[in-house]
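Chemist: Quick one: the structure is below, questions incoming.
The values are calculated or read from the model by the stated rules, or taken from the named source; none is laboratory data. What you see is a predicted model, and the numbers here were worked out from it, not measured in a lab. Please note: Cβ atoms are built from the backbone with ideal geometry, for glycine as well, and neighbour counts cover all protein chains shown.
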Amino acid sequence: MNLYMEYGVKEYWIVDPMEKRVMIDTLDEIGEVQFNLLNENEKVSSSLFENFKVETENLLLD
């Protein structure tokens, strides 16, 4: 995570199909990391791309 933030990555997603969850780490305006953990059957959206939204079930295919 620190390496991503050091190089200016403002948001990254970790998709864990075995645990059926998506973790999103976002660097906010004041440089703090915001964590968001979503489980199966939830809607997930990007804080950077306003219109990018997806159902977690579409990311967690078996």
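Chemist: Looking only at residues that are free of Cβ contacts under 8 Å to residues at least 24 places away in the same chain and part of a strand (DSSP E or B) in the range 22-34, which one is farthest from Met5 (Cα to Cα)?
Modeler: Going through the qualifying residues, I end up with Met23.
Chemist: Mind checking which residues of the range 2-27 are at pLDDT below 85 and either exposed (fewer than 11 other Cβ atoms within 10 Å of the Cβ) or within 23 Å of Asn58 (Cα to Cα) (or both)?
Modeler: Asn2, Glu6, Gly8
Chemist: Let me ask another. With the requirement that a residue be modelled with pLDDT of 85 or more and surrounded by 15 or more Cβ atoms within 10 Å (Cβ to Cβ), what does the range 47-62 give you?
Modeler: Correct list: empty.
Chemist: Which condition number does Leu37 fail, the rest of (1) assigned to a strand (DSSP E or B); (2) at pLDDT below 90; (3) aliphatic (A, V, I, L, M) being met?
Modeler: Unmet condition: (2).
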